[in-house]
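Undergrad: Here it is: the structure, laid out below.
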Amino acid sequence: MNIFTFKTEEDFVQTGANLIASLVQSKPNAVLGLATGSSPIGIYTRLAEMNKKGLVSFSQVSAYNLDEYVGISGDHSQSYKTFMKENLFNHIDIDLQNTHIPNANAEDLEAECKAYDLALEHNGPVDIQILGIGSNGHIGFNEPDDHLYGGTHVLDLLEETLEANARFFASLDEVPKQAITMGVGGIMKARQIILLARGAGKAEAVKAAIQGPITTQCPASLLQCHPNVIVLLDEEAGSLL
């Protein structure tokens, strides 16, 4: 792992954006693995600015998102489809036909999971996979457990994840209890992974992921097995390293 800790939000954002833009500049038809959450928002905003200035084009890029909530429509204000449109896709020259988010409202969710993995297999591997990290060490929605799934799957969200996401909904009761997510095996197939973490609330998870034992109880710790991981942290997230 290559670990970078930044004193300023500007340096954190610009470094992340530069890594993605450099890839797309050298490989215009790159496959990007994208994440939601607060950590990548500034990077997405900077990429949109770079796109408008003509510094990078996403016209040939394909994008695959990690996950989506089960039980809310794609046009719901808190769906990840809406998140990606509002924070990135509507502000860059990407072809929306080349953007992919798991269909969490499919009639057959198991078939949707298999189809998503087949699409990734056919069009991948992902060149850069963006990841956040949950306070319990989850990546995507792969929660701590005695075992983890390799492929895309549906899972029940843990109470701590529901509570962490409740701030985006009117109440805890409105937070979807399930999600469809790429599995750890799918994530690990990416050529390069960029793990983002900001804030003191992520410090314990970051320490466990980077310096702790490799265990399914901290799914992010499996990234220690990947040959090309870049970790971008602010000072608070990296305070325990």
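Undergrad: Roughly speaking, to the nearest percent, how much of segment 117-199's 1.4 Å accessible area is carbon and sulfur?
TA: Details: 1760 of 3540 Å².
C and S fraction of accessible area: 50 percent.
Undergrad: With a 1.4 Å probe and every protein chain kept in, tell me what percent of the accessible surface of segment 7-71 is carbon plus sulfur. All intermediate terms of the calculation are to be shown ahead of the outcome.
TA: On the way: 1330 of 2590 Å².
Using a 1.4 Å probe with all protein chains present, segment 7-71 comes out at 51 percent carbon and sulfur.
Undergrad: Could you work out the equivalent-ellipsoid semi-axes for segment 135-230, taking the square root of 5 times each eigenvalue of the Cα gyration tensor, largest first, in whole Å?
TA: Largest first, segment 135-230 gives 23, 16, 12 Å.
Undergrad: Another question, if that's okay. Spelling out what I want: for every residue of segment 86-103, take phi, set θ = phi - 60°, compute 6.51 cos²θ - 1.76 cosθ + 1.60 (Karplus), and round to whole Hz; glycine and proline get x.
TA: Along segment 86-103, the couplings run 6, 9, 8, 4, 6, 10, 10, 8, 6, 7, 4, 5, 9, 9, 9, 9, x, 7 Hz.
Undergrad: Right, next: Please list the non-local residues whose amide H lies under 5 Å from the amide H of THR215, H modeled 1.01 Å from N, same-chain partners needing a gap of 5 or more.
TA: Counting only residues 5 or more places away or on other chains, the set is SER221, LEU222.
Undergrad: For a quick check: with amide H placed at 1.01 Å from N, whose amide H comes under 5 Å from LEU34's, ignoring anything fewer than 5 positions away on the same chain?
TA: TYR64, ASN65, LEU66, ILE130
Undergrad: In vacuum, with every alpha carbon of segment 65-200 counted as one equal point scatterer, what does the Debye formula give for log10 I(q)/I(0) at q = 0.18, 0.22 Å⁻¹? Two decimals, please.
TA: Relative scattering, expressed as log10 I(q)/I(0), comes to -1.15, -1.73.
Undergrad: How far is the Cα center of segment 158-233 from the Cα center of segment 95-157, in Å?
TA: Taking the Cα centre of each part, segment 158-233 and segment 95-157 sit 13 Å apart.
Undergrad: So what is the relative contact order of segment 97-226, in percent, for Cα pairs below 8 Å that sit 6 or more residues apart? List each step's numbers first, then the result.
TA: On the way: 204 pairs, mean separation 41.5, N = 130.
Relative contact order for segment 97-226 comes out at 32 percent.
Undergrad: Once you've got the Cα coordinates, tell me which of LYS7/LYS189; LYS114/LYS189; LYS81/LYS177 are over 21 Å apart.
TA: On the way: LYS7/LYS189 31 Å; LYS114/LYS189 16 Å; LYS81/LYS177 17 Å.
In this structure, LYS7/LYS189 exceed 21 Å between Cα atoms.
Undergrad: Ignoring ligands, DNA and RNA, what accessible area per residue does the chain give at 1.4 Å, in Å²?
TA: So the chain comes to 45 Å² accessible per residue, rounded to a whole number.
Undergrad: Additional query: Could you name the aspartates and glutamates whose alpha carbon sits less than 19 Å from that of LYS52, not counting residues in the same chain fewer than 8 places away?
TA: Leaving aside aspartates and glutamates fewer than 8 places away in the same chain, those within reach of LYS52 are GLU10, GLU86, ASP93, ASP95.
Undergrad: Which shape class, rounded, prolate or oblate, goes with the chain when its Cα gyration tensor gives a ≥ b ≥ c as root eigenvalues, a/c under 1.5 marks rounded, and past that a/b bigger than b/c marks prolate?
TA: On the way: a/c = 1.31, a/b = 1.04, b/c = 1.26.
Rounded.
Undergrad: In nm, what is the difference between 0.36 nm times the number of residues separating HIS147 and PHE4 and their Cα-Cα distance? Kindly include the intermediate steps, with their values, before the conclusion.
TA: Values: separation 143, 0.36 × 143 = 51.48 nm, distance 3.00 nm.
Answer, rounded to one decimal: 48.5 nm.
Undergrad: OK, next. Spelling out what I want: for every residue of segment 226-238, take phi, set θ = phi - 60°, compute 6.51 cos²θ - 1.76 cosθ + 1.60 (Karplus), and round to whole Hz; glycine and proline get x.
TA: In residue order, the calculated couplings are 8, x, 9, 10, 10, 10, 10, 10, 8, 5, 5, 5, x Hz.
Undergrad: Still on this model: Tell me which residues come under 5 Å, amide H to amide H, from VAL70 once H is placed; ignore anything under 5 positions away on its chain.
TA: Counting only residues 5 or more places away or on other chains, the set is GLN178, ALA179, ILE180.
Undergrad: For the chain, what does -39500 (n - 2.57) per DSSP helix run (n ≥ 4), summed and divided by total residues, give at 222 nm, in deg cm²/dmol to the nearest 500? It would help to have the intermediate numbers written out before the result.
TA: On the way: 7 runs with 74 residues, N = 241.
About -9000 deg cm²/dmol.
The values are calculated or read from the model by the stated rules, or taken from the named source; none is laboratory data. Just so you know, these numbers come straight off a predicted model, no measurement behind them. Areas reflect the complete protein model, heavy atoms only, side chains present, ligands, DNA and RNA absent. Shrake-Rupley method; radii C 1.70, N 1.55, O 1.52, S 1.80 Å.
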